[in-house]
1. Of the listed peptides 117-124, 361-368, what is their order by residue-averaged count of other C-beta atoms within 10 Å, with the highest listed first?
2. Under a straight-distance cross-link criterion of Cα-Cα below 14 Å, which aspartates and glutamates are reachable from Lys375, leaving out those fewer than 8 residues away in the same chain?
3. Would you calculate the separation in nanometres between label points at Ser192 and Lys363, each defined as 7 Å from the Cα along the Cα-to-beta-carbon direction?
4. Using the per-residue mean of other Cβ atoms lying within 10 Å as a proxy for protection, in what order, highest first, do the peptides 172-181, 380-389, 151-160 fall?
5. Find the Cα radius of gyration of the range 1-104, compare it with 2.2 N^0.38 Å by division, and give the number to two decimals.
6. Give the value in nm², to one decimal: projected area of the alpha carbon convex hull of the range 341-385, averaged over all directions.
7. For Asn35 and Lys356 in the same chain, what is the full-extension length gain: residue separation times 0.36 nm, less their Cα-Cα distance, in nm?
8. Can you list the lysines whose alpha carbon sits under 18 Å from that of Lys2, skipping same-chain ones fewer than 8 residues off?
Amino acid sequence: MKKYKIAVIGVGYVGLALSLGLASKGYEINCYDNNYEKIRKLLSGESYIYEENFNEALVANKNKLNFSSKLQQSDMYFICVNTPSLKSGKCDISRIFNAVDVIMRIDKKSPIIIKSTCEVGTSRKIQKYVNKNNGKNPVIFSPEFLSQGTAYKNMLTPDRIIFGGNDVQTLNELKIIFSNFTNNVLIMNWESAEIVKYTANALLATKIAAINEIANLCEKTGAAIKDVSFAVGLDDRIGEKFLNAGCGFGGSCFEKDIKALLYLSKKLKSNLKIFNSTLKANSYQRLVVVQKLKANFDNLKGKSIAVLGLAFKENTNDARESVGLYVVNELIKNLAEVRLYDPEAVNSFINEYEIKFKYKLDKKMFFNNIKQTIKNVDVCIILTSWEQIKNLTDKDIDEANPNMLIIDGRNCLKLTKNVIKIGG
Ligand code: UDX
């Protein structure tokens, strides 16, 4: 195996998972981030991201990982910086350009591989920018498909790896390096690779939005969505995954990527019609638990309501675009007495809530365990299927308040008494 030194720029979910995965295959990794706080944490051997196996992999591959806020010269550079949404839906690629500048200050010939999700056309733009600045670095685009909560596992066993670009030597080298993870390494042009990422996320989000709409219909017909999902999922052409109906999708990717796709289609007058509806359907779905609440109580004022699960999904400390943000905002607007619990995502939730609704949540609303959170409440709403939430028992409920109403927004509880599910 050729002993490549590989630089990874940006140590978020994508960069860190990539670094740990490549280090586990024996490559020497130079991890760079301009946020020294993150580097300092990682140098102390601790992942600042809550993600299964990150800490263990950091320890196991210590000798292969260098963390620094000064970029070290390497054989290739992976850019894994974030590309947030601008108001228009367009994604902000300025951090990619900044990363390219940092690379070109020390190396004007080694390959640059962009992993950040970016607008179609970005890789071509970056290649032009590199060449205009007298760089010979080939630019490759490689979309990332990992899911939070299972990022390391997804890194080690991906369904496929995609490289878009035209520099044959770099593409061959990448193919060899990444055949350590899968034989499904696909090569295509820049634009195809860029659009693969958007298509994958738009289709996944649409699958969830569609099954959620069917769930709402099931409720009105006497059908049970679990049976319906299971049955349709057995058709290979549909597939069993991403058919869990519930209170809608959250997270930093689906909505952002669909908005970027819609922005692109508008710009190119291509008029995509389906994905706009996906976003609309999800905005509606995020508040179905509140609708169910209102159908049971004339007034929410002063009602004691526990919300369990503030992360956008289980096994992550990330609350970006979580359903909880929207639900809690509605409850507060309706003057309910809100009690909140999440095992890992409280800080992220407070932060995101403040950014979105310009309102500082009172720390007294948060509780350290489920028992305290649900004590004497009128209602308990489930928004994330963390293991400890899924395992709630009838005894737990009886001890807290046997008459409480439970709204299971993730259809994950085994309880039967007083539980309202999504989709019957
Ligand atoms: C997603 C894509 O899955 C991943 O490939 C891409 O790289 C980034 O975006 P992520 O946002 O981390 O990953 O999580 P994912 O597991 O896709 O879940 C997204 C949201 O959909 C969560 O809120 C989850 O609870 C919800 N969801 C998922 C459902 O409501 N039902 C399902 O059946 C699956």
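The numbers here are math on the coordinates, done by the rules we state, and not lab data. Quick caveat: nothing in here was measured; it's all calculated off a predicted structure. Every residue, glycine among them, receives a Cβ derived from its backbone with ideal geometry; neighbour counts consider all protein chains shown.
1. Order by mean packing, descending: 117-124, 361-368.
2. Glu337, Asp394, Asp396, Asp398, Glu399
3. Reported label-point gap for Ser192 and Lys363 is 5.5 nm.
4. My ranking of the peptides, most packed first, is 380-389, 151-160, 172-181.
5. Computed over Cα atoms of the range 1-104, the ratio equals 1.08.
6. The orientation-averaged projected area of the Cα hull of the range 341-385 comes to 3.7 nm².
7. 113.2 nm
8. Straight-distance partners of Lys2: Lys25, Lys64, Lys175.
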